[in-house]
Every structure is written in structure tokens, then in C-alpha cells.
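The values are calculated or read from the model by the stated rules, or taken from the named source; none is laboratory data. A quick note: this is a predicted structure, and the numbers were derived from the prediction, not measured. Counting neighbours? That spans all protein chains shown, and the Cβs are built from the backbone with ideal geometry, glycine included. Side chains included, ligands, DNA and RNA excluded: accessible areas come from the protein's heavy atoms. Shrake-Rupley method; radii C 1.70, N 1.55, O 1.52, S 1.80 Å.
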Amino acid sequence: MNRPAFRWYGKPFYYTPVLICGTLSSALLTGCGGSEPAPAPTQATPQQATPAPAAPPSQVAQNTQSTPVKKEEKQEDSRKMIDGIPYDVWFDNPLAVAGDQQSVTPVALPGNTVAATPGNTTPATEMKTADAQPSAAAGGVDWKTIIPMPVLDSLVKDIRNRLTKNMQSVGTYNTTYLELPTFTSTLAALAEIAAEHPDEIGWKKNAKYLRDLAAGISSKQLMRGAKSYREIQVPYEQMIVIMNGSLPAGVPDSEDKKPLSDVASMGDLMKRADIASKWLKSNVGNADALKSEKEKVIEEAHLLAAIAKVITTEGYGYVDDKGFLGHANPMSEASLQMVEAAKADNFPDFDKGLTRVYKACTECHSEYKE
């Protein structure tokens, strides 16, 4: 006969006394004071259904048919139980808890270590270093050092003045059209550098339009005559407006950023680098010349450093070529050496830098041809 032993969550709990070893007293002693709990009575197999996530513990407890125990156990389906109640129902919404992907901020402890969270052994210093890496480090260029914005702007103004002379008339165009791509390609490269540069300049907000207009002129097959002149007259006039600080009407939209190789050909850039190195060699042969031409020397040397760096960027085909980089990078470094020497009126160091540039160009041209 089943007897009510006590009430659990408002419902009578019944148990059936079992005789073990032939005496009722031993059965009672075994069931109440033994080191191991009495085996649960055989019952019908319960339905194997997952409890509703939001069901309160009291409701689940009312549906539980097993004998309460004070230790964790597992059913045949290997689910963890506490007092006969499935472990996961103690959460109001276990699915939401399990699906929460929000990270927990580690607590810094003395000695720059992360709090002892299970599975977390990353030092705080390493995490800080990773977060502190600039986004441009992967492929960015220190344009501020290679070509400061005032120098870049001065070089752009020089190109504007040159183009103004070249485009005065069909006659002036005819005598200079062959050199136009060299300077419009250089202008396109400088405009893209300005867009990436950390410093500001009046026309920087429209640099992408200047870049594409200049690249468009460079890509044309220029010829003598009025027809070719008129083809580039409108984009030339639009470039002048942009370099003066405004955006003209009718300019086609442009992407914010483009690979330098898409807007400036290496051949045209090499021609401009050749013009710079020859001018330095011909006009700065002593300390007095270095002092008198200091401003232009600094500009041309910065331009050489920029061109040498431009051609090492993705798209020109040499980013993984150690041989090519072994010439281009030293050329950029030597150009900056000339800049510092010119600022200090140090002709011997300037001459050494110029010699390094000449050596890098000569060795590179002997191995690589565009």
C-alpha cells in the first residue's frame, strides 16, 4: 500500500516500502540512513520532451515523477538533473542564453595579465598591442614623411603653371603635347597621394576628381592639331578650377580611392624622375648651388622619394619582387637623405644621396625594362 510521506510543491509524494533481507526494519534503515539512496521504483518510461524554456521551476517540479534526491544525476538520455529537475530549466530562456554571442570584457589584473577566465590566457599587453596597430600598417605608406603636404601642393602648382603655358593655344599645344602625359600622370599620382595624406590642403576634398581628370588626359593618344587640343581642353579647364579650390560643374563622379597603378603609368613617372635627377645633377654641383636652390632641391628630392615609393605599391607588379624593391626602396631613402642634407646645407651628404639615387636607377634599369 502506498503511503504519503510528505508534500512536495503542494502535491503528496508517495513511496512504496520494499522488504530487503526479509525484515521491514532493515528496509526502512536501508532507505533512510544508508550511504547510497534507495533505487527509484520502476515506473512507466516518461515522455522524452524538452521542457518549455519559460516554464517556472514549480511547474516543472509538479510534472516530475522521480524520487527527489540531493545530488546531481543523469537520466538515460544523459541530461543533467538536479533534484530530478532538468538542469537547463533553471534559466528563464535557455535558448536565448545559449545564443548570446556577446563577449565579456576581461578584467585587467596587476602585472598586465587578463583575469583568469577559463580558456583565456592572452596577456593584456598583447591584446593592447593588437588593438593599437594602425589600420594603414598592413599596406599604408608614410606619405607625410615622404612628401609633406606643402611640398606636394607646391609641385601641383608647378604642374598647373606648366599646363597653363602648354594649353594657351593650339600652337603651344603642338610644341609641347608629347610631354603632357609625363606631367598629367605625375599630377594624377600626387592627387591620389593627397587623398591618402594625413594632412589637409584646400583642394583635397576634390582630389579624386583631379586624379581622374589628369589620368584621363594621360590615357589619350595625343596628336598635333586642333582636334586633339579640343579633346583635352575641357578636362584641363576643370582641373584648373579644382586646383584653385572649387569643384566645376559637369565633372563625372569618381571613386574615393584607386590604386596608383590605375592612374599613373610607370613609364611616365620614370620620365619625371629622370627629369628631377638630371636637374639636381646639373644644377647642384657645389655647396653654394645647394644653398641658392635649396627650396627646389627639397621639392625635387621629395618627389623622387614619392615616385620611388609609388612604383612599389600594389598593381605595378613588383610588390613581392625583392630585386626590384632592393633598388626602389634605397632610392627613396637616398632621396630623403638629400632632403635632410639640403636643409642642413650639407653638400657632402647631399652628394652622397644623389650618388645613391643614380646607382639605384642605373642598376635597376640594367635589370628591368618596362
Along the positive direction of the dipole of the stretch 279-370 (beta-carbon charges: Lys, Arg +1; Asp, Glu -1; about the Cα centre), which of VAL284, SER332, ALA301 reaches farthest? VAL284
So, taking all protein chains as they sit and a 1.4 Å probe, how much accessible area belongs to TRP279, in Å² rounded to tens? 50
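What does the C-alpha gyration tensor say about the overall shape of the stretch 183-329? Classify as rounded when a/c is under 1.5, otherwise prolate if a/b is larger than b/c, or oblate.
prolate
What order do GLU231, GLU300, GLU255, GLU293 take when sorted by accessible area (1.4 Å probe), most exposed first?
GLU255, GLU231, GLU293, GLU300
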Considering only protein heavy atoms, what is the solvent-accessible area of HIS365 at a probe of 1.4 Å, reported in Å² to the nearest 10? 90
Rounded to the nearest 10 Å², the accessible area of SER169 using a 1.4 Å probe with every protein chain kept is 50
If amide H atoms are built 1.01 Å from N in the plane of the peptide, which residues on other chains or at least 5 residues away come under 5 Å of the amide H of TYR318? none
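Going through the stretch 278-370, which trypsin sites (Lys or Arg not before Pro) have at most 14 other Cβ atoms within 10 Å and a DSSP loop state? Walk me through the numbers on the way to the answer.
Working: sites: LYS278, LYS281, LYS291, LYS294, LYS296, LYS309, LYS322, LYS343, LYS352, ARG356, LYS359, LYS369; in loops: LYS369.
Hits after loop and neighbour filter: LYS369.
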How large is the charge dipole for the stretch 183-316, taken about the Cα centre, if only the Cβ atoms of Lys, Arg (+1) and Asp, Glu (-1) carry charge, to the nearest 20 debye? 440
Table column - 3J(HN,Hα) (Hz), the stretch 242-257, Karplus curve with 6.51, -1.76, 1.60, x for Gly and Pro: 5, 5, 7, x, 10, 10, x, 6, x, 6, x, 5, 9, 6, 5, 9
Note, the stretch 314-331: 3J(HN,Hα) by Karplus (6.51, -1.76, 1.60, θ = phi - 60°), whole Hz, Gly/Pro = x, goes 4, x, 7, x, 10, 4, 10, 8, 5, x, 5, 4, x, 9, 5, 5, x, 5
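Between GLU314 and ASP349, what is 0.36 nm times their sequence separation minus the Cα-Cα distance? Round to one decimal in nm. Kindly include the intermediate steps, with their values, before the conclusion.
Values: separation 35, 0.36 × 35 = 12.60 nm, distance 3.18 nm.
Gain on stretching GLU314 to ASP349: 9.4 nm.
What FRET efficiency would be calculated for the residue pair ALA226, ASP274, taking the C-beta separation as r and a Förster radius of 41 Å, to the nearest 0.05? Walk me through the numbers before you get to the answer.
On the way: r = 31 Å, r/R0 = 0.75.
My answer for the efficiency is 0.85.
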For the cross-link pairs LYS144/LYS352; LYS322/LYS343; LYS205/LYS257, which exceed 21 Å when the distance is taken from alpha carbon to alpha carbon? LYS144/LYS352; LYS322/LYS343
